[in-house]
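One structure is given here, and the rest of the page talks about it.
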Amino acid sequence: MSASTYTPELGVRIATLLTAFKLPTVASELVRRFVDAGLDQSLPVLCEVLELEDHDRHERRVDRLRRASKLPPGKTLDTFEEQRLPRPLCAKIRDIATGAFVDRGDNVLVFGLPGVGKTHAAAAIGHALVQTGRSVLFTPTYRLVQDLLAARRDLTLSRALRSLDAYDLLILDDIGYVQQTVDEAEVLFTLMAERYERRSLLITSNLVFSHWDRIFKNPMATAAAIDRLVHHSTILEIDVPSFRTEDAKKKNKRTDDNYKKASDNYPTTTTTPTTTTP
């Protein structure tokens, strides 16, 4: 914000910034005292400096959050190949990336076969939320399950769950990709139950719900887990050919084309038979 003269709106903005900086007394006293002392024309410059401080604090916070998030670098909305997906699905992903679902404590579930871009979509949403100052943790599901199982053995599961509660969004990548034991399924269910209606989950999976008994091992636990997840959730189904398979086909075609071109350009030699005179 930049202004050449003082206005009441400018005073409100200064107070808002100072309150955000946790300076409540300065926020309530500074503008009034400047105006009473006849220094109100200095307030626009002061506001500009406070805006710079606010911007720098935001950038430092985003940097800290990004490093703590463990999000795969480079998997952002800018690098997401939207042309491969239906336009309504891309619009839905971008709407989710605004973060309103996190404010409500809702979940996002992303389904699709291997190689269709589930992980990239999830990471891109995570990066977008970090940019707005929200805390995110990205983790392969099997790794987090192992950490929680170790915490349960050490009688520190409650502490581990509280530490995860600090994140606005927890991204569990590839749930069901690795077969789980009953104990592993139990700690995963406990995590979902703890975050239900309070903190958001974003889950990617190759398995449709009808196969989730492979994750939770018994019908009652499976039904309870699905019920908690879908109660407040947005479901994305990515039904396109595998990106990796398509890329491999293109690379193989380029290799074949280059080989054919090289073969066509390679000079051929003919050998003239020699005749020996007796």
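The values are calculated or read from the model by the stated rules, or taken from the named source; none is laboratory data. Not measured: the values here are computed from a predicted model. As a convention, Cβ positions derive from the backbone with ideal geometry for all residues, glycine included, and neighbour counts pool all protein chains shown.
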Looking only at region 218-238, count how many residues are surrounded by 12 or more Cβ atoms within 10 Å (Cβ to Cβ) and assigned to a loop (DSSP other than H, G, I, E, B). 2
GLU246 is checked against (1) loosely packed, with under 13 Cβ neighbours inside 10 Å; (2) part of a helix (DSSP H, G or I); (3) at pLDDT below 90 and fails just one. What number does that condition carry? (1)
Look through region 80-110, keep the residues that are in a loop (DSSP other than H, G, I, E, B) and over 13 Å from the mean Cα position of the chain (by Cα), and return whichever of them is nearest to ARG228 (Cα to Cα). ASP106
Hits in region 56-79 (condition: basic (Lys, Arg) and not in a helix (DSSP H, G or I)): LYS70, LYS75
Can we say PRO44 is in contact (Cβ under 8 Å) with a residue 40 or more places away in the chain, surrounded by 13 or more Cβ atoms within 10 Å (Cβ to Cβ) and not in a helix (DSSP H, G or I)? no
Answer from LEU113, LEU109, LEU85 - the residue that is of a type in the set (A, V, I, L, M), within 12 Å of ILE238 (Cα to Cα) and either surrounded by fewer than 16 Cβ atoms within 10 Å (Cβ to Cβ) or without any contact (Cβ under 8 Å) to a residue 40 or more places away in the chain (or both): LEU113
For LEU39, state whether it is free of Cβ contacts under 8 Å to residues at least 24 places away in the same chain and among the aliphatic types (A, V, I, L, M). yes
Selection from region 9-41 of residues closer than 22 Å to VAL130 by Cβ and either assigned to a helix (DSSP H, G or I) or touching a Leu at 6+ places or on another chain (Cβ under 6 Å) (or both) yields ALA20
